[in-house]
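The structure appears right after this line, and notes come after that.
What follows draws every value from the coordinates through simple rules; no lab data is involved. As the structure is a prediction and not an experimental result, all values here were calculated from the model. A quick note on method: Cβ atoms are made from the backbone with ideal geometry, for glycine too, and the neighbour counts reach across all protein chains shown.
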Amino acid sequence: MPELPEVQSVVTGLNKILPNKTIKSVEVFWQKTIATPAVETFQKKLTGLKIKEVARRAKFIVMTFESGEILLTHLRMSGQFSWHQELPSENAKHLRVRFLFTDNSVLDFMDTRKFARMYLFQNLKEAEEKALYKLGAEPLEIKALEFREIFRAKKGNIKGNLLRQDLVSGVGNIYADESLFLAKIHPTSLTHKIPKAKFTELHQVLQGILRKAIKRNGTTVNTFLNINGEAGGFRDELQVYKQEKAACPNCGNLIQKIRLGSRGTHFCATCQKKYL
DNA sequence: AAAGTAGCCTGGAAGC
DNA sequence: TGCTTCCAGGCTACTT
């Protein structure tokens, strides 16, 4: 499941290849992948545009064109880009969108689960107003004090709040579970009952884990591959996520798995303190 | 207002 | 063995 580090890995790869390429045509194999505008408009508007750069905002891939248009892509569960020097002899499985460039290279977008979405906007202002405005601060940019203030008075459990993109953006299920384990906070802890110092700690371990995961090219749990077809190496570093029934690396007791807010949630009941 | 949940989807795992 | 059911989860929309 692509979260911030996985998206960053994809963006870094795309930004090495795509700038200065001009789109010759766009093929759409699954209409719903294009969230906005209408598919024909999407194809028509993109044709002839030259890519300026590829960046990331939260879990969105932000492609900027020379003329100012913005293409946002959200990978959701299984979205995947793959670039080819020339047209592949046969279509990849789950191919949803294909971008053909004037230099005859090809950018394919595959998405098994069909949850991924692309949004084309006229300019950054429109992208901000219609899509990005809901996003909270970047977890790697936010300061500890600010981080604590955002969460301090929030109701509900900390796990659910960590996943909220409008508070701090880019954290998903894997890094939520992992950072709570490292900060020794039980996922069902009530957010407003967690002491100030613990938030400082959570902020620190979250930044640490995200930086480390970016270095390791993200985490591959089921299907994630970057544009070079490489899996993420952070999987080997998971302490609790998908480790149910394994021994806690700290105390040796079994890692537990529960459902919290309809999400699989992994933790060590011994090491992680419950603030209620 | 905040919290819970259905729905979007497929494929692999688990259950029978 | 082969069928059916369950589960994974980011995000939106809807209900309570």
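Quick notes on this structure:
- Segment A:Ser89-A:Gln165, extension gain: residue separation times 0.36 nm, minus the distance between their alpha carbons: 23.4 nm
- Sorted largest first, the spans of the alpha carbon positions of region A:1-116 along the three principal axes are 32, 28, 27 Å.
- Dividing the helix sum by the residues of chain A, where each DSSP H run of 4 or more adds -39500 (n - 2.57), gives a mean residue ellipticity at 222 nm of -8000 deg cm²/dmol.
- Taking trypsin sites (Lys or Arg not before Pro) across region A:145-176, the ones in a DSSP loop with at most 13 further Cβ atoms lying within 10 angstrom of their Cβ are A:Lys155.
- Between helix A:4-17 and chain A: long-axis angle, C-alpha atoms, 0 to 90°, nearest 10: 30 degrees
- Model label zone, A:Ala55; criterion: amide N under 11 Å from point 7 Å along Cα-to-beta-carbon; scope region A:119-136: A:124
- Given A:Lys52/A:Lys198; A:Lys50/A:Lys134; A:Lys16/A:Lys143; A:Lys32/A:Lys134; A:Lys93/A:Lys125, the pairs whose alpha carbons are separated by over 32 Å: A:Lys52/A:Lys198; A:Lys93/A:Lys125
- FRET efficiency, A:Glu146 to A:Ala247 (Cβ-Cβ, R0 30 Å, nearest 0.05): 0.25
- Along chain A, the exposed loop sites are GluC sites (Glu not before Pro) outside DSSP states H, G, I, E and B with at most 16 other Cβ atoms within 10 Å, and the longest stretch free of them is A:142-229.
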